[in-house]
Amino acid sequence: MATGLFTNDPIIAQNFFLEIDGAVISSLMSVSGLDIEVTVSTSKQSGTGGAQEEIKSLGATTAAPELNLTRVAPLDSPSDKMWMWFNDIRGTGLVATDRAGGRKNGSIVLYDSSRKEVARFNFFNSWPSKISTDQLSVDSTEVVKETITLQCERLERVK
């Protein structure tokens, strides 16, 4: 007989990493935007004499997510894989390159305290649209963080 609501340990949002094309490229401090949403379309059906009978809600399209990933800023941005990808998307001299060719697939992978994978969100045809650095202050003792915005065409939770 079960003695509580949980038969397994719950997922703890503490150990998670960013994978791009199957390789871990960064540890993360926070992630937002792991939203999987189907947009809703409504349809009104009228009866005899134009009297409204019913409104139906229908699933329309799957909304494309925007992920925001926060991490510790790298010491060497020219050799950082995320910065290299972002600079490839931006192009040399801020001239746009083939952004479609720069799209990549990846995952946000969550691990438990024993380093066992417990959840995985896969995203597809993504590209970094923005990298923001935290506000800097001479009286701060905090690590410098970056927030990376990824545009994605699709997001799935597979585990």
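The values are calculated or read from the model by the stated rules, or taken from the named source; none is laboratory data. From a predicted model like this one, the values you see are computed outputs, not experimental measurements. Backbone-built Cβ (ideal geometry, glycine too); neighbour counts: all protein chains shown. Heavy atoms of the whole protein, side chains included, go into the accessibility calculation; ligands, DNA and RNA do not. Shrake-Rupley method; radii C 1.70, N 1.55, O 1.52, S 1.80 Å.
Looking at region 13-28 only, could you name the residues that are modelled with pLDDT under 85 and outside any strand (DSSP E or B)?
Answer for region 13-28, where residues must be modelled with pLDDT under 85 and outside any strand (DSSP E or B): A13, Q14.
Read through the list (1) at pLDDT 85 or above; (2) in a loop (DSSP other than H, G, I, E, B); (3) open to solvent by 50 Å² or more (accessible area, probe 1.4 Å), then give the number of the only condition that P74 fails.
So the condition that P74 fails would be (3).
To keep it simple, each residue is scored yes or no on (1) surrounded by 11 or more Cβ atoms within 10 Å (Cβ to Cβ); (2) at pLDDT 90 or above; (3) assigned to a strand (DSSP E or B).
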{"position": "T7", "(1), (2), (3)": "no, no, no"}
{"position": "I11", "(1), (2), (3)": "yes, no, no"}
{"position": "I36", "(1), (2), (3)": "yes, no, no"}
{"position": "V40", "(1), (2), (3)": "no, no, yes"}
{"position": "I55", "(1), (2), (3)": "no, no, yes"}
{"position": "D88", "(1), (2), (3)": "yes, no, no"}
{"position": "D98", "(1), (2), (3)": "no, no, no"}
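Quick grid of which residues meet (1) more than 30 Å from T62 (Cβ to Cβ); (2) open to solvent by 60 Å² or more (accessible area, probe 1.4 Å); (3) part of a loop (DSSP other than H, G, I, E, B):
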site: N105; (1), (2), (3): no, yes, no
site: I108; (1), (2), (3): no, no, no
site: S114; (1), (2), (3): yes, yes, yes
site: R120; (1), (2), (3): no, no, no
site: N125; (1), (2), (3): no, yes, no
site: I131; (1), (2), (3): no, no, no
site: V143; (1), (2), (3): yes, yes, yes
site: E146; (1), (2), (3): no, no, no
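Could you check region 57-71 and list, in sequence order, the residues that are farther than 22 Å from V31 by Cα and open to solvent by 70 Å² or more (accessible area, probe 1.4 Å)?
S57, L58, T61 - these are the residues of region 57-71 that are farther than 22 Å from V31 by Cα and open to solvent by 70 Å² or more (accessible area, probe 1.4 Å).
Could you list all residues from region 30-85 that are at positive phi and under 22 Å from the mean Cα position of the chain (by Cα)?
Listed by number, the list holds a single entry, G33.
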